[in-house]
1. Quick check: residue separation of residue 63 and residue 5 times 0.36 nm, minus the Cα distance between them. What number comes out in nm?
2. Subtracting the Cα-Cα distance from 0.36 nm times the residue separation, let me have the gained length for residue 102 to residue 16 in nm, one decimal.
3. Along the positive direction of the dipole of region 6-102 (beta-carbon charges: Lys, Arg +1; Asp, Glu -1; about the Cα centre), which of 57, 26, 40 reaches farthest?
4. I need 8, 80 ordered by Cβ neighbour count within 10 Å, fewest first.
5. Counting only helical runs of four or more DSSP H residues, what would the 222 nm mean residue ellipticity of the chain come to if each run contributes -39,500 (n - 2.57) and the total is spread over all its residues?
6. Using volume of the Cα convex hull per residue in Å³ as the read-out, say which of [x] 97; [y] 168; [z] 108 was calculated from these coordinates.
7. Taking 0.36 nm per residue of separation and subtracting the Cα-Cα distance, what length does fully extending residue 91 through residue 31 add?
8. Taking the Cα centre of the chain as origin, sum charge times position over the Cβ atoms of Lys and Arg (+1) and Asp and Glu (-1), and report the length of that vector in debye to the nearest 20.
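What follows draws every value from the coordinates through simple rules; no lab data is involved. Since the structure is predicted, the reported quantities are computational estimates derived from the model, not experimental observations. Using ideal geometry, Cβ is built from the backbone for each residue, glycine included, and neighbour counts are taken over all protein chains shown.
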Amino acid sequence: MPYASLEDLIERAGEDEILQVADRDGDGTPDPDVVEAALVHADNIANGYVAVRYALPLTAVPDLLRTWCVSIARYQLHRDGAPDYVVRDYKDALTALKDLARGVLDLPIGVDDPQPAPSDSGRVSIVGPEPVFTADKLKGWL
């Protein structure tokens, strides 16, 4: 399932901007293949980072992920040089995706997280090798 759509791009950038960058044949409508290529590119970039922490495909698209993909696709559509605010949004989206992959950010609740759920008992369990130094082994050294 794609993370963003033409409607998302129009909502974010406005119809005039999307027509300027995606109507390559000049017929007054965004070219579907141009828009799809930018959206697929954005999905591919996002998947590279999301897959580090989450199982793909995602069962639902969080709004945050959609926003990042819109920023990436919008940047891609500006093939002849994007305005500063589009470049800034693109860089912010990449930074956020990198933070997501590193575990600094999490996708909102509702996305399947491979991490185990916390215990209901509230107890902490530690598994590891037997301790080298115990009170019994240190008797006589103190």
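1. On the way: separation 58, 0.36 × 58 = 20.88 nm, distance 1.22 nm.
Full extension of this stretch gives 19.7 nm more.
2. On the way: separation 86, 0.36 × 86 = 30.96 nm, distance 3.67 nm.
Result for the pair: 27.3 nm of gain on full extension.
3. Sorting the options by dipole projection puts first 57.
4. On the way: 8 19, 80 5.
Going from least to most buried by this count: 80, 8.
5. So the calculated ellipticity at 222 nm is -15500 deg cm²/dmol.
6. Among [x] 97; [y] 168; [z] 108, the one derived from this structure is [y].
7. Result for the pair: 19.1 nm of gain on full extension.
8. 1240
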